[in-house]
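Inspection log for the structure reproduced underneath, given as structure tokens.
The values are calculated or read from the model by the stated rules, or taken from the named source; none is laboratory data. Just so we're clear, the structure is a prediction, and the values are computed from it rather than from any experiment. Cβ sites come from the backbone with ideal geometry, for glycine too, and all protein chains shown count toward neighbours.
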Amino acid sequence: MAEVIALKEAVKMIPDGSMVFFGGSGLNRNPMAFCRELIRQNKKNLHLIGVFGGLAADMLTAAGAVSRVELAEFSLEDEMDALYLRQQVADCNIQAEIYSAYAMCLRLYGGASGVPFMPLRSMIGTDLRKPTFRGEGGKLMTVACPFTGEPVNLVPSINPDVGVVHVLKADIEGNVIIEGPLESDLDGLLASEIKLVTAEEVVEKLDFRLKGFYSWRVILPNFVIEAKFGAWPTAAPSAYLRDVGNLGLWHMEPYDKYFAKFIAPKESTIIKSLDGKKL
Amino acid sequence: MEKNYDNEDLMIVCAARLLPESGTVFAYKKNHIKAALLARLMRGGAPEVLTPGGFLDDEGRLIDFAGSTKNVFEYLQGGYVDVGFVSGDEVDRYGNVNGWVTGSIKKPQNVFEGGGLACDVVNLANSTFIMATSEQLRKCSFFSAPGYLKGGKSRLKEGLYNDGPVYIICELCVFDFHPKSKKARVLGLFPDVKKSEVADKIGWRAKWPWKVPVIYPPTEEELEALEKATSYIG
């Protein structure tokens, strides 16, 4: 049984320096409402976990809330770069540990299924094996397989303190509907200690006999938060597309200006400004 | 005759022509997906197109895929993907790709997107096509995705038993790799591109055949299909 709480209360639970998993990827289904509230409450030293770092990671970096990231890619989209993330890593303000995408998926899966490490065939012959903050032997190990003797790469599992995922619908029992690609949200959420879900709509009981949904999952989060337009300006499949105009502003305008216009106002004001707008 | 295409179009058309007749292709950038869809449109339903989100249909929409990103990579690791597309910010003459940093990790000069996906593709797909612009063809100091490493048998010695990069496709020409030394050599030039132009623009010395073939321009059908593929993906 999940607990339905307000966005503010949920963010208050997260102390500075937490390890946070963000769902979605690139410009798809990022928990942006949650991310904006994190910035408003001035959280610091967050340790971000994800597979494909999206706009949420870039925005938190721009706000100075991040000290470490463990990701596979920063890219938002072909034409859009995660400029703040790239700049901050180049300036050594953020420590970044880059794994291959499959390695990162497996680390979350390992955390979700409660095993200490996962074997994989990827990450051979790459310089991504060199660690930054995880230290020698903490990032990746190559060992001989105990059965056949052939070398195999092992990556440590990961258990974030908090996992946040944005979904289309959730009910008070904690069932959710996700539409579009699932990404690594299920594993990431199951691996996390505190499981948070922000939903476009919270209903009493979800009807899973509904047809036409890409995918639905029962993930039983600890807390459900209602957040309309919670993924804006990224896309939430079947609810709205990405807001190209706003994303353009994110890239063109300096951060302070964007912050004053689109992050600092209350979430209710943002929803009001978006209501009726064609996205 | 007036040119009704640009070299970026021909780059995608070339990639589509080189793709196998059947099997599965892994693509993750817009360029890659366009090439794979173009091949699919030209051949009527093959090869299958796999993206990190799942399989695509003829019109570039995601087919209902009951799985996560991890399941997609399991496809790759299981050896079910015949060709994987790769892009990076630096590509050297042995097909090594850098998508992460220049300089050292501790003191980076320039930071790119990360390159974690490219690393998986070259490690796990049976063979790889590299798509890059000519400016990206230069020496790399950091191999985020290993090609033929230092050439010769060094890829095999490192423990990578799949085929590795097969072609480098840029907007001037197409390279393949010498079977023994594994150095990039020019397979064919695009129409109207001169040898000196390639030599000037790229950052390493390519091997040249005695007589350099010229790749034929895209046909009407190919351009039509490309327009379709572009309209599907945007």
Query raised in the report: Which condition does B:Ser141 not pass, out of (1) modelled with pLDDT of 90 or more; (2) not in a helix (DSSP H, G or I), if it passes all the others?
Result: (1)
Report summary line: For strands (runs of 3 or more DSSP E) lying entirely in region A:129-205, having 1 or more residues that are over 27 Å from A:Asn28 (Cα atoms) and not acidic (Asp, Glu) picks out A:141-144, A:151-156
Report task. Taking the residues in region A:215-236 that are part of a loop (DSSP other than H, G, I, E, B) and over 25 Å from A:Tyr258 (Cα atoms) as candidates, determine which candidate is modelled with the highest pLDDT. Result -> A:Asn222
Report summary line: The number of residues in region B:25-71 that are within 14 Å of chain A (Cβ to nearest Cβ), surrounded by fewer than 18 Cβ atoms within 10 Å (Cβ to Cβ) and either among the polar types (S, T, N, Q) or more than 23 Å from B:Ile169 (Cα to Cα) (or both) is 9
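The rows are residues; the columns are (1) within 27 Å of B:Val214 (Cβ to Cβ); (2) in a loop (DSSP other than H, G, I, E, B).
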position	(1), (2)
B:Ala16	yes, no
B:Tyr28	no, yes
B:Ile33	no, no
B:Leu38	yes, no
B:Gly45	no, yes
B:Gly67	no, yes
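Yes/no per residue for (1) out of contact with any Gly (no Cβ under 9 Å at 6 or more places or on another chain); (2) in contact (Cβ under 8 Å) with a residue 60 or more places away in the chain:
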site: A:Pro233; (1), (2): no, yes
site: A:Ala236; (1), (2): no, yes
site: A:His251; (1), (2): yes, yes
site: A:Lys257; (1), (2): yes, no
site: A:Ile263; (1), (2): yes, yes
site: A:Leu274; (1), (2): yes, no
Query raised in the report: Within region A:260-279, how many residues are modelled with pLDDT under 90, of a type in the set (A, V, I, L, M, F, W, C) and either farther than 10 Å from A:Trp232 by Cβ or in a helix (DSSP H, G or I) (or both)?
Result: 3
Requested in this report: Kindly indicate whether any position in region B:82-102 is outside any loop (DSSP other than H, G, I, E, B), under 22 Å from the mean Cα position of the chain (by Cα) and within 24 Å of B:Leu223 (Cβ to Cβ).
Outcome: yes
Query raised in the report: Taking region A:106-145 only, how many residues are of a type in the set (Val, Ile, Thr) and either modelled with pLDDT under 90 or under 19 Å from B:Phe142 (Cα atoms) (or both)?
Result: 3
Report task. Among the numbered conditions (1) closer than 25 Å to B:Gly147 by Cα; (2) at pLDDT 90 or above; (3) not aromatic (Phe, Trp, Tyr), tell me where B:Pro108 comes up short. Result -> (2)
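When region B:144-163 is examined, which residues are found to be within 21 Å of B:His32 (Cα to Cα) and within 10 Å of another protein chain (Cβ to nearest Cβ)? Before you say what the answer is, go through the steps one by one.
The first filter runs over region B:144-163 and keeps only residues within 21 Å of B:His32 (Cα to Cα), leaving B:144-147, B:162-163.
Listed by number, the residues that qualify are B:Ser144, B:Ala145, B:Pro146, B:Gly147, B:Asn162.
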Report task. Can you confirm whether region B:122-135 contains a residue that is in contact with a Ser or Thr (Cβ under 6 Å, 6 or more places away or on another chain), in a strand (DSSP E or B) and more than 10 Å from chain A (Cβ to nearest Cβ)? Result -> yes
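Give me a count of the residues in region A:46-85 that are surrounded by fewer than 23 Cβ atoms within 10 Å (Cβ to Cβ) and not in a strand (DSSP E or B). Don't jump to the end; show me each part of the working.
Let us first name the residues in region A:46-85 that are surrounded by fewer than 23 Cβ atoms within 10 Å (Cβ to Cβ), namely A:47, A:63-65, A:67-68, A:77-81, A:83-84.
Restricting the remaining residues to those that are not in a strand (DSSP E or B) gives A:63-65, A:77-81, A:83-84.
Result for region A:46-85: 10.
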Report task. Kindly provide the set of residues from region B:165-187 that are surrounded by fewer than 19 Cβ atoms within 10 Å (Cβ to Cβ) and in a strand (DSSP E or B), ordered by number. Result -> B:Val166, B:Asp176, B:Arg185
Query raised in the report: Among the residues of region A:182-205, which ones are surrounded by fewer than 24 Cβ atoms within 10 Å (Cβ to Cβ), out of contact with any helix residue (DSSP H, G or I) (no Cβ under 6 Å at 6 or more places or on another chain) and not hydrophobic (A, V, I, L, M, F, W, C)?
Result: A:Glu193, A:Glu200, A:Glu201, A:Glu204, A:Lys205
